[in-house]
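The values are calculated or read from the model by the stated rules, or taken from the named source; none is laboratory data. Keep in mind that what you see is a predicted model, and the values were worked out from it rather than measured. Cβ placement follows ideal geometry from the backbone for every residue including glycine, while neighbour counts extend to all protein chains displayed.
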Amino acid sequence: MSFPWANHYKPSHPFMQWLDEKLPLPRFVYNAVGAGYPVPRNLNYFWNFGILAGVCLMLQIVTGVILAMHYAANTGVAFDSTEHIMRDVNWGWMLRYAHANGASAFFVVVYVHIFRGFFFSSYKAPREMIWLLGVVIFLLMMATAFMGYVLPWGQMSFWGAKVITGLFGAIPLVGEPLQQWLLGGFSPDQAALNRFFSLHFLLPFVILGVVILHVWALHIPGSSNPTGVEVKSESDTVPFHPYYTAKDGFGLGVFLLLYCAVLFFAPNALGHPDNYIPANPMSTPAHIVPEWYFWPFYAILRAFTSDFFFIPAKLMGVLAMFSAILVWFFLPWLDTSPVRSGLYRPLFRKFFYVLLVDVLILGYCGGAPAAEPYVMISQIAATYYFLHFLVILPLVSSIEKPEPLPYSITEAVLGKDDGAVLSANPAA
Amino acid sequence: MADEASIDTPADGTGEGVRRRDFINIAAVSFAGVGGLAAVWPLVRQMSPSADVLAESSTEIDISAIQPGQAIKAVFRKQPVFLRNLTPKEISEADAVDASTLRDPQTLEQRTKEGHKNWLITMGVCTHLGCVPLGAGEGEVKGEFGGYFCPCHGSVYDTAARIRKGPAPKNLEVPPYEFTSDTVVKIG
Amino acid sequence: MVRLFGPFVGLFFAVALLWSFGNGAYVAITEPAAPTAEHEFHKHPKEVHFASDGAFGRFDKEQLQRGFLVYKEVCSACHSLKHVAFRDLQQLGYSEAEVKAIAKQWGTKQPTFDPKTGDRGERDNLPADHFPMVYYAGQGSPPDLSLITKARHEGPAYVYSLLTGYQDQPAELLKKFPDAKTPEGLHYNPYFANLNLAMPAPLTGDGQVTYSDGTPATVDQMSKDVAAFLIWTAEPKLDKRKQTGWAVLGFLLAATVLAYLSKKQVWSNVGGH
């Protein structure tokens, strides 16, 4: 669907007219990210992060396909082939650092994108499907990133694979067979490395597929906007091109500056030194941690230290860690406030900032050693995390008194909307 | 670029604004284009042989055990290389041909080192489509000119490994090599 | 449905977490974690600077050559350098002929295997070869040094500190932890994670290595030089990386400024911005 005032694609060149008849690809692009897609005129820079996430995905696919040309998924030579890329392959060092830091950049961008969604309640009707597909993308990203980190077959790769597949071992009855099935053995080895490589190559294309659905679903109601008030008239929107292509171009420039600064001047800052030690199944590193983007969830996993009635602590940790993401699926139905944007919800806003700080604390604790006081802090932080989504949000939506909303986007931007007068007097 | 724009733009009051606007947008898009192209370079270049492949060491081969009329196969840059000790008869057969009548005119002298005319050292790669010709191994078919015969598409080489018949366009390639002593050849 | 069960699920996790918290707090109060010698006597690496530090730093090739000499004369007896090839040494400023000579004269030879006869033997190293593996039968397992400065926190400073950090076990430590006496055959070093390592001090006296450029070969200097050399072995593309980085950042900065101006221009006719 699009708004009735959307520009229509009118190819002027005979070739483009011919193409439009046979394969209307230019029309498709025009209506998706061109002048034919009317977008709210008031989007702020947080709305750049969707496009940036798409850029990150493409960056990862391109660099990843290239790395796969040089990498060997064999436990005997995987580590050496990675070093071969770093030393002998033309520009190999740059491509590998671009891929490794590209994963981090992808998660930074996606976390901002997700928290943008939290604050502006982008998950609410009519955009639930966009949100659900987004959570699926995030889950797929986590799986892909985890398997990619295993590939260099360093110490952290190996022990990460061991610990994460060990999570499945916590499931009652089927746990151990499931773990062995995942690994193709009793411990990560050739079978596991080979299948992780295969799946690590496949999943990004699955992500791409879900991203296409995500964007498709987006184009049905159109983009949300910071006021949370739906588009009412043509004055509320501008065409995507050139307005948002220009704005996204600038955002992309800033993003690439930061990304390249890390890539070229601190490419190992986000990695762990132990992964430059070849995998050794006989010796665990002193302090094993996953990559930073898993830290909040890792902290939740580790926060369960005591059995809870008949449920073992290990199982509780696994359940909680998965629930921490699965709860996002229910967000559209947990937050029932009729007002969307956090800008007009004073109480919700306060809790949003608490959640933000809470997740940062969880992240810090997840990266810290499994010792006090970090465990106790993460227990409190994890408690808030679950209460926030499952208790506080529903409660806040029913007791909060929202601030007055602007009549329309145009009014929010310009301070007045001539259309408001018209609609107040339908006879006109 | 600004000059070009001024030709197209009417010189009225708004001309200055239009020119500036066009210039900025054109420059921004051009920068994006140049940056994109520059970023493609490493993606293309990574396919070229890597440093370890280029450093593939030169091969030293002991030829003392090769009797006249015999040949061995060695490996150079992951491809076979033929080292052949020609008999006087083979040398005279090669010399008897008028080089100018050949498809790829070369004399045996040009294809061997001075003072080592009996040592014919060539790549074992047919110049047609890269198969390994027969004739170096013991008991292999040498073809009707007594040199090498490529079974893939029937190229026939003579005792100086020159193309005489069949589809191959060139003589078997002579790799760079030198005699480090009378019995040791260093290829590459 | 969701609103009915949601709070119960939330409270379930919350109560389980608080139960864990209570148990943890109880244990922390009743049985506080005992201090360990590692915890109290392990030291962070010393402050040390290298020519390659920072965004503008470049390798000091003379220092790398000195460091290579230290590796060759001292470390290479037990530690391999398997990710580095002899040909790479040309990046330190050695000529092709010098690299060839270094490879040929290298003490450990390349193992060979003849698949036809099954004979094993060895041959001289060639420039294209990687440094040969070193097998060590004694106590401890000397790690490969190719990546050591990237495989340790603050790697270069760690290597330097470890090499210069050998000392007698402090009396204070033994007084506090009588059981923590350095075991027979191990050596006390506060920069090593568990304080005691199998490697005896490798650099023991000034002049252990003779530098051809006249730099006095003090233990401190040798340690610094070999640490610098190991920065290079771990990241031989460091100089090129930073050089490329500045070019890329310069270009991106210009492109971003242009993109900003372009964006401003495009939006100039839309009110409220």
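Before moving on, here are some points about what is shown:
- Some residue of segment A:152-168 being among the polar types (S, T, N, Q), assigned to a helix (DSSP H, G or I) and either crowded, with 22+ Cβ neighbours inside 10 Å or in contact with a strand residue (DSSP E or B) (Cβ under 9 Å, 6 or more places away or on another chain) (or both): yes
- Filtered residue count, segment C:111-143, keeping only those that are closer than 13 Å to C:Ala77 by Cα, out of contact with any strand residue (DSSP E or B) (no Cβ under 6 Å at 6 or more places or on another chain) and away from chain B (no Cβ under 14 Å): 9
- Candidate set: segment A:390-408, residues that are part of a helix (DSSP H, G or I) and in contact with an Asp or Glu (Cβ under 9 Å, 6 or more places away or on another chain); chosen: the one surrounded by the most Cβ atoms within 10 Å (Cβ to Cβ): A:Leu393
- Evaluation of A:Val254 against (1) surrounded by fewer than 19 Cβ atoms within 10 Å (Cβ to Cβ); (2) closer than 29 Å to A:Val136 by Cβ; (3) over 25 Å from the mean Cα position of the chain (by Cα) (one fails), failing number: (3)
- Looking across segment A:66-86, the residues that are without any contact (Cβ under 8 Å) to a residue 12 or more places away in the chain and of a type in the set (A, V, I, L, M, F, W, C) come down to A:Met69, A:Ala72, A:Val77, A:Met86.
- Flag if A:Ala320 is among the small types (Gly, Ala, Ser) and facing another protein chain (nearest Cβ under 9 Å): yes
- Only strands (runs of 3 or more DSSP E) whose full extent lies in segment B:69-123 are considered here, and the ones with at least 2 residues that are modelled with pLDDT of 90 or more and closer than 16 Å to B:Gly146 by Cβ are B:79-85, B:119-123.
- Boolean, A:Pro369 is assigned to a loop (DSSP other than H, G, I, E, B) and either of a type in the set (A, V, I, L, M, F, W, C) or within 12 Å of chain C (Cβ to nearest Cβ) (or both): yes
- Only one of the listed residues (A:Leu356, A:Leu387) is closer than 29 Å to C:Asn23 by Cα, within 9 Å of chain C (Cβ to nearest Cβ) and aliphatic (A, V, I, L, M). That residue is A:Leu387.
To keep it simple, each residue is scored yes or no on (1) at the interface with chain A (Cβ under 7 Å from one of its Cβ atoms); (2) crowded, with 23+ Cβ neighbours inside 10 Å; (3) farther than 25 Å from C:Gln91 by Cα.
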| site | (1), (2), (3) |
| --- | --- |
| C:Val209 | no, no, no |
| C:Ser212 | no, no, no |
| C:Thr218 | no, no, yes |
| C:Met222 | no, yes, no |
| C:Ile231 | no, yes, no |
| C:Lys237 | yes, no, no |
| C:Lys240 | no, no, no |
| C:Trp246 | no, no, no |
| C:Ala259 | yes, yes, yes |
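- The set of residues in segment A:214-261 being within 9 Å of chain C (Cβ to nearest Cβ) and in a strand (DSSP E or B) consists of A:Val238 alone.
- Only a single criterion out of (1) at pLDDT below 95; (2) surrounded by fewer than 20 Cβ atoms within 10 Å (Cβ to Cβ) is not satisfied by A:Phe205, namely (1).
- Only one of the listed residues (A:Pro177, A:Pro188) is over 18 Å from A:Tyr71 (Cα atoms), in the same structural domain as A:Val135 (by TED's automatic domain parsing), out of contact with any His (no Cβ under 9 Å at 6 or more places or on another chain) and surrounded by 19 or more Cβ atoms within 10 Å (Cβ to Cβ). That residue is A:Pro188.
- Residue within segment A:303-314 that is more than 9 Å from every other protein chain (Cβ to nearest Cβ) and crowded, with 19+ Cβ neighbours inside 10 Å present: no
- Checking B:Ala168, B:Ala96 one by one, the residue that is farther than 25 Å from B:Ser58 by Cβ, out of contact with any helix residue (DSSP H, G or I) (no Cβ under 9 Å at 6 or more places or on another chain) and exposed (fewer than 14 other Cβ atoms within 10 Å of the Cβ) is B:Ala96 and no other.
- From A:Gly185, A:Gly253, residue being over 30 Å from A:Gly415 (Cβ atoms), at pLDDT below 95 and touching a helix residue (DSSP H, G or I) at 6+ places or on another chain (Cβ under 9 Å): A:Gly185
Yes/no matrix, rows are residues, columns are (1) polar (S, T, N, Q); (2) under 20 Å from B:Val75 (Cα atoms); (3) touching a strand residue (DSSP E or B) at 6+ places or on another chain (Cβ under 7 Å); (4) loosely packed, with under 14 Cβ neighbours inside 10 Å:
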site	(1), (2), (3), (4)
B:Gly115	no, no, no, yes
B:Trp119	no, yes, yes, no
B:Asp158	no, no, yes, no
B:Val184	no, yes, yes, yes
B:Gly188	no, yes, yes, no
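- Residue count, segment C:1-59 (criterion: more than 18 Å from the chain's Cα centre (by Cα), away from chain A (no Cβ under 11 Å), closer than 30 Å to C:Gln167 by Cβ and among the acidic types (Asp, Glu)): 1
- When A:Met94 is tested against (1) within 30 Å of A:Phe389 (Cα to Cα); (2) surrounded by 22 or more Cβ atoms within 10 Å (Cβ to Cβ), just one condition goes unmet, and that condition is (1).
- Residue satisfying condition, being in contact (Cβ under 8 Å) with a residue 40 or more places away in the chain and surrounded by fewer than 18 Cβ atoms within 10 Å (Cβ to Cβ), within set C:Gly140, C:Gly121, C:Gly155, C:Gly165: C:Gly140
- Any hit, segment A:7-19, residues being within 22 Å of A:Ser223 (Cα to Cα), away from chain B (no Cβ under 14 Å) and either crowded, with 16+ Cβ neighbours inside 10 Å or of a type in the set (Asp, Glu) (or both): yes
Residue by residue, here is whether (1) among the polar types (S, T, N, Q); (2) in contact with a helix residue (DSSP H, G or I) (Cβ under 8 Å, 6 or more places away or on another chain) holds:
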site	(1), (2)
C:Gly10	no, yes
C:Val15	no, no
C:Gly24	no, yes
C:Thr30	yes, no
C:Lys43	no, yes
C:Val48	no, yes
C:Glu62	no, no
C:Gln105	yes, no
